[in-house]
Structure formats: structure tokens, C-alpha cells
Amino acid sequence: MDKRTFLKNAGFLGIGSMMGLTRLNDLVASVSEIPPAILAEDERFWADIRKGYKLKPDYINLENGYYCFLPEQTLERFITHVREVNYQGSYYMRTVQFENKKKMVEKLAEIAGCSADELIITRNATESLDMIIGGLDWNPGDEAVMAEQDYGAMLNMFRQIAERYGMINKIISVPNHPGSDEEIVNLYADAITEKTKLLMVCHMINITGQVLPVRKICDMAHSKGVQVMVDGAHSFAHFKFTIPELHCDYFGTSLHKWLSAPLGAGMLYVKKENIPKVWPLLAEADRKPDDISRLNHTGTHPVHTDLAIADAIDYYNIIGAERKEARLRYLQHYWTDKVRNIPHILLNTPADPERSCAIANVGVSGMTPAELADTFLKKYRIYTVPINGAGVHGCRITPNVYTTTDDLDLLVKALLALK
């Protein structure tokens, strides 16, 4: 076997990577017969998971929504990739860079439940979704539908496209506590006209953690001839689903969030039939119109980040999607159920377990979100993020698999004391 073949097949595709995960594998195997909902409450098991993370002792981090940082097993593999790419330099970049990126896409496609020829690796959800917003052919008078609770970067892109092409943005507001799926679907349906070209919807609203009935929204929009773009920044690898079951046309996410890949990794799904409709962000050499690689030209970029996606997926698969979802859902309800009916506490996240998972948002009467976040950090050493807008006034609370119930007990104690 020559050197190139060895490096391609061994050095970058995980020989040795599972060695760092052996103990994790054994740990999970020891509880394989326990139902995820029961295991979710086993603090001893999750304390062992916590040991795989290096945690800053200065504060309790309840702001994992921005960046779910890497467990040590994934971090060490990432550092190995950085060293190896640096060691090989241009040799790696000119020989197996693109072959290995395709293999990363194939691994992502497995957990996304779609075809690899409908996925590309991007830098984040913003790049993924802005590529669609900016890459469609817009004409004056065309309309797009979105919500004021959508992520600011995408709303900014829609505003720029409106200024540039004369299209029109129609913005609805999603209630924090909807009475039914139909209430939400009808809000979007009522905003659609014969001029509507694209509807954007969050799978999980980032500021409240509310999970929206995306499939119902997609089916409704398609019945009116409207394409749907889903912001999955907070849903992918957070709770279990496949992209095709959403019935969407486009789906973008950030892999540095719930998959815990390194910063600078995202993903874009484009339904095969829609690929020719999108102009690439950066021009690519000749490709067939339905070749999704035509959307993936970004120039020279940190390829070691791409390689670490496989390691993040290995970690995710060992823990298991069902176990992770059950634990995250349990942690959120562990603290929200204790404070939901307290008069001075306002929860901006639905109580229905099917409408949320790890993320929730809480406010305290008489305190601005900024004041609440400042008090959490300075008095209780709890790090959160304040949200003040789009009908949401409170702090986003985002635990991860390493979070303990003791951490959340302190959060509850703080909330009860802040009258």
C-alpha cells in the first residue's frame, strides 16, 4: 500500500479514533437494555458522561445553544486532524481533501436520513440558509413569509434581498404558547398569497426552544405552490428526526451546536429537484445543474474541521439519539416544572413536552432580561443569555448532556429567590 492510500484510508477515517471512545462505548453498552426515558433520570450514568468534558469552574454554563463545545474525545481527534493536515500541507489539500469531505457528507446523510447528493458541508446555518435566500431568482413583487422570532441573520438577509430586488417580506408572529398545531399553521397560511415564493420556518425557535409543526406547515405551503426553507440550527442532533420526513425543500443547520462538531461546521440540504434553482454563493467551475457540489465552492478552508465531523458523529451515535433526546427533555422539565406556576416567574416555552426539548426561556417580573442574566452570573455563577424582543422577554436556558440536576437546582433556587 502506498503512502497516499494509507493516509486516505487510515489516518483520516478513524484508525485510533475509537480508542478514545472505548470507555464511552463500554459505559453505554452497560445500559443498553434500559429504556431512554428511564436512563434519562440516572444521575450516575450522566455523571460519567460529564467526565468526558472539561468544564470551566468559574460558572455553570447554561448557554449551550450558541455553541455546544466538544467533549474531550472529539477535541483530541480534532487536534490530531489539525496536526496531520498541517504536517502534510499542500500534499493533503491536492490529493484527498475532497474525497474525505465526501465521506463526511455520507456520514451526515446517514443521520439526516437523506441522500448524500442532497447535502453539502457549510460553515454554519447562516451561510446555509442565506445561500438559499440570496441564491433564488427574485423578481419585484415576489413575496417571502417568515416570523419575527426567526434568527436575525436570516431576517437581515431577507431585508437585503428586498432592498436589492424589490421583493416583499411578510412577517408573522408565533405565539409562545399556541393552543394547537393548527393555530400555528394557519398563521403561516394566512400570510401566503399568489405572489409568495418562499416560506421560512424554524424547526425549533432559538429564543424560546418551541418546536414548530414543520411537516404540517410544509404540506400546507406546498398545497399552495410555495417552497419551504427550514432553519434547523437547533434541531439537528438535538432530537431525533430525518430531514425527508419534514417534507421541506431546503434545510440548514449548524453542526457546532447540538452535534458538538468544531466551530466552523454547518450543513445544507437541498431537495434534489431544487438544486438547479439555486445560484451558488461563490462561482464554481462547470457542474451539472443538479450537482449539489456546484453550491459548495468556498475556496481554501480549514479542512481539519470537516474531518472532525466524523468524530462528532461517532460520539453522537455511541450515546444514541434517543438517549440524548430523552436526557435533554428530562433536564428541561426538571427545572421548568418546578417554577412554571410561580406568580413572579414567566416561562416563554410551551409546557407540552412535544413542543420543546432542552431549550427554555424564563423571565422574572420586575427585571429586564439583561438584569436577570447579570444577576444569574454575578450572584449565582450561572451563565445564560438575555433575550428581549419578538414577544420574548427572559433568559434562554440551554443545558447539555453534561449538565447535572444539581446545576439546575441552583437555577431553581435563584429563580425562587428573585422576587
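The values are calculated or read from the model by the stated rules, or taken from the named source; none is laboratory data. Everything quoted here is computed from the prediction, not taken from an experiment. So basically every Cβ, Gly included, is an ideal-geometry build from the backbone, and we count neighbours across all protein chains shown.
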Segment 247-263 - residue that is within 20 Å of residue 278 (Cα to Cα) and more than 8 Å from the chain's Cα centre (by Cα) and, of those, surrounded by the most Cβ atoms within 10 Å (Cβ to Cβ): 251
Inside segment 296-315, can you point out the residues that are within 24 Å of residue 49 (Cβ to Cβ) and surrounded by fewer than 20 Cβ atoms within 10 Å (Cβ to Cβ)? none
Out of the residues in segment 94-107 meeting the condition of being surrounded by 14 or more Cβ atoms within 10 Å (Cβ to Cβ) and over 15 Å from residue 293 (Cα atoms), tell me which one is farthest from the chain's Cα centre (by Cα). 95
Here is a list of conditions, (1) modelled with pLDDT under 95; (2) within 26 Å of the chain's Cα centre (by Cα); (3) of a type outside the set (Gly, Ala, Ser); (4) under 27 Å from residue 330 (Cβ atoms), and residue 23 meets all of them except one; can you say which number that is? (2)
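Keeping to segment 57-78, report how many residues are over 23 Å from the mean Cα position of the chain (by Cα) and loosely packed, with under 13 Cβ neighbours inside 10 Å.
Here the count works out to 2.
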Are there any pairs, at least 6 apart or on different chains, whose C-beta atoms fall under 6 Å, with the first in segment 311-339 and assigned to a helix (DSSP H, G or I) and the second of a type in the set (Gly, Ala, Ser) and at pLDDT below 95, and if so, which? 311/17
Failed item, numbered, when residue 242 is tested on (1) surrounded by 24 or more Cβ atoms within 10 Å (Cβ to Cβ); (2) within 30 Å of residue 319 (Cα to Cα); (3) hydroxyl-bearing (Ser, Thr, Tyr): (1)
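Results for (1) among the polar types (S, T, N, Q); (2) assigned to a strand (DSSP E or B); (3) more than 17 Å from residue 152 (Cβ to Cβ); (4) in contact with a Phe, Trp or Tyr (Cβ under 6 Å, 6 or more places away or on another chain), shown as yes or no for each residue.
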position: 164; (1), (2), (3), (4): no, no, yes, no
position: 171; (1), (2), (3), (4): no, yes, no, no
position: 174; (1), (2), (3), (4): no, no, no, no
position: 177; (1), (2), (3), (4): no, no, yes, no
position: 182; (1), (2), (3), (4): no, no, yes, no
position: 190; (1), (2), (3), (4): no, no, yes, no
position: 194; (1), (2), (3), (4): no, no, yes, no
position: 200; (1), (2), (3), (4): no, yes, no, no
Residues 167, 131, 154: which one is hydrophobic (A, V, I, L, M, F, W, C), more than 25 Å from residue 243 (Cβ to Cβ), surrounded by 20 or more Cβ atoms within 10 Å (Cβ to Cβ) and modelled with pLDDT of 95 or more? 167
Which ones in segment 340-350 are touching a residue at least 60 places away in the same chain (Cβ under 8 Å) and among the hydrophobic types (A, V, I, L, M, F, W, C)? 342, 345
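Is one or more of the residues making up segment 286-296 closer than 30 Å to residue 386 by Cα and assigned to a loop (DSSP other than H, G, I, E, B)? So that I can check it myself, show each step before the final result.
Start the filter on segment 286-296 by keeping residues that are closer than 30 Å to residue 386 by Cα, which leaves none.
Among the residues of segment 286-296, not one is closer than 30 Å to residue 386 by Cα and assigned to a loop (DSSP other than H, G, I, E, B), which makes the answer no.
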Within segment 17-73, helices (runs of 4 or more DSSP H) holding 3 or more residues that are under 22 Å from residue 264 (Cβ atoms): none
For residue 395, which of the numbered conditions (1) assigned to a strand (DSSP E or B); (2) over 23 Å from the mean Cα position of the chain (by Cα) fails to hold? (2)
Expected output for segment 400-418 (first residue among the hydroxyl-bearing types (Ser, Thr, Tyr), partner in a loop (DSSP other than H, G, I, E, B), Cβ below 6 Å, 6+ apart or cross-chain) is 402/53
Matching residues, segment 348-373, being closer than 30 Å to residue 323 by Cβ and crowded, with 22+ Cβ neighbours inside 10 Å: 348, 349, 356, 357, 358, 359, 360, 361, 362
Do any residues in segment 107-123 that are within 16 Å of residue 266 (Cβ to Cβ) and among the polar types (S, T, N, Q) have Cβ atoms under 8 Å from those of residues that are part of a helix (DSSP H, G or I) and at pLDDT 95 or above, where the two are at least six apart or on different chains, and which pairs are they? 122/128; 122/131
Residue match in segment 264-283 (condition: out of contact with any strand residue (DSSP E or B) (no Cβ under 6 Å at 6 or more places or on another chain), surrounded by 24 or more Cβ atoms within 10 Å (Cβ to Cβ) and either within 28 Å of residue 211 (Cα to Cα) or not hydrophobic (A, V, I, L, M, F, W, C) (or both)): yes
Within segment 371-378, identify whether any single residue is touching a strand residue (DSSP E or B) at 6+ places or on another chain (Cβ under 7 Å), among the aliphatic types (A, V, I, L, M) and not in a helix (DSSP H, G or I), and answer yes or no. no
